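Visitor: Handing you this structure, nothing more for now.
The values are calculated or read from the model by the stated rules, or taken from the named source; none is laboratory data. Just so we're clear, the structure is a prediction, and the values are computed from it rather than from any experiment. Here the Cβ positions follow ideal geometry from the backbone for every residue, glycine too, while neighbour counts run over all protein chains shown. To get the accessible areas, we keep the full protein, side chains included, count just its heavy atoms, and leave off ligands, DNA and RNA. Shrake-Rupley method; radii C 1.70, N 1.55, O 1.52, S 1.80 Å.
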Amino acid sequence: ICMTTPTGVRKIDDAHALRALAHPLRLELLEALTLHGPLTATTAADLVGESPANCSWHLRQLAKYGLIEEVPGATGRQRPWQRTSQGMEWHETSSDPAFTEAARSLTAVFIDRELALVKDAMSRVQPDGWGDAVIATQSMGWMTAAEMEALDQLVFDLLGTYRERIADPALRPEGSRPVRMLALAVADDRMQGPTDKPSKGGDDA
């Protein structure tokens, strides 16, 4: 699972950090820091619609696991926070059951949040020319695990075409708007027919 911008992708390999991330508001705060740069708890609160005290507490929890930090050299009563990396990824496969459970919990929170945001955006009236630009594409097929990994890289690279525009407004063409992009693919054996049997490879004896 990957939430990323062009550079500085951090691999989350600690169960405690995974559990700390599995909170919608913390993901919201990380996204706000990515899109709007360093923020104080008060400014972040205005962006995410929460109280400054609540945001301050959650920001400190993110800092506890090294996901954000105070801006070096900042002065004043309210210190701004910034991300320590502009992206993060995590994997669910582990020999540690506690790690796997934490990773799956974070994945569930991440997907629920993204789907809710996409559905909310789709429910709004779009300006002229944007209604038919909305993408909602579904497909099915038979693939190996290696082919899914290759597809993941292709999609990642394709979506990456536009990531640099987040940090550099000069790269944004006239008339562009922020667009949320989400790609999902998972093996679903419910599609199998009664005669379908996954290949195990090798020759029959």
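Visitor: Put 28, 114 in order of accessible area, largest first, 1.4 Å probe: what do you get? Present the calculation step by step, with values, prior to reporting the outcome.
Guide: On the way: 28 55, 114 15 Å².
Listed by decreasing accessible area, they come as 28, 114.
Visitor: Compute, for residue 156, the solvent-accessible surface of its heavy atoms (probe 1.4 Å) with the complete set of protein chains present, and express it in square angstrom to the nearest 10.
Guide: 70 Å²
Visitor: Let me ask you something else. Just to be sure I understand: with springs between alpha-carbon atoms less than 10 Å apart, which residue in 191, 181, 88 has the highest mean-square fluctuation in the Gaussian network model of the chain?
Guide: Looking only at 191, 181, 88, the largest GNM fluctuation is found for 191.
Visitor: When the chain is fully extended, how far beyond the present Cα-Cα distance does residue 79 get from residue 148, taking 0.36 nm per residue of separation?
Guide: Numbers: separation 69, 0.36 × 69 = 24.84 nm, distance 4.33 nm.
Once the chain is fully extended between residue 79 and residue 148, it gains 20.5 nm.
Visitor: I would also like to ask the following. Can you tell me which of 175, 66, 131 moves the most in a GNM of the chain? Springs connect C-alpha atoms under 10 Å apart.
Guide: Checking each option, the largest mean-square fluctuation is seen for 175.
Visitor: Would you kindly state how much longer the chain becomes between residue 60 and residue 192 on full extension, computed as 0.36 nm times their sequence separation minus their alpha carbon distance, in nm to one decimal?
Guide: Net length gain for the segment: 42.8 nm.
Visitor: Something else now. Please report, in cubic angstrom per residue, the volume enclosed by the convex hull of the alpha-carbon atoms of the chain.
Guide: Values: hull volume 36.5 nm³, N = 205.
Spread over its residues, the Cα hull of the chain gives 178 Å³ apiece.
Visitor: Each label point is 7 Å from the Cα along the Cα-to-Cβ direction; what then is the distance between the points at residue 118 and residue 158, in nm?
Guide: Result for the modelled spin labels: 1.3 nm.
Visitor: Also, I was wondering about something else. Would you mind getting the accessible area per residue of the chain, heavy atoms of the protein chains only, 1.4 Å probe, in Å²?
Guide: Values: 14280 Å² over 205 residues.
Accessible area per residue: 70 Å².
Visitor: Using heavy-atom solvent-accessible surface (probe 1.4 Å) with all chains present, what is the largest-first order of 95, 56? Intermediate values should be presented prior to the final figure.
Guide: On the way: 95 125, 56 30 Å².
My answer, sorted largest first, is 95, 56.
Visitor: Next question. Arrange the residues 68, 111 by how much accessible surface each exposes, largest first, with a 1.4 angstrom probe.
Guide: 111, 68
Visitor: Considering only protein heavy atoms and a probe of 1.4 Å, how much of the accessible area of the chain is carbon and sulfur, as a whole percent? Don't jump to the answer; show the numbers that get you there.
Guide: Numbers: 7540 of 14280 Å².
So the carbon and sulfur contribution to the accessible surface is 53 percent.
Visitor: With the chain treated as a Gaussian network of Cα nodes joined by springs under 10 Å, which of 13, 46, 132 yields the largest mean-square fluctuation?
Guide: 132
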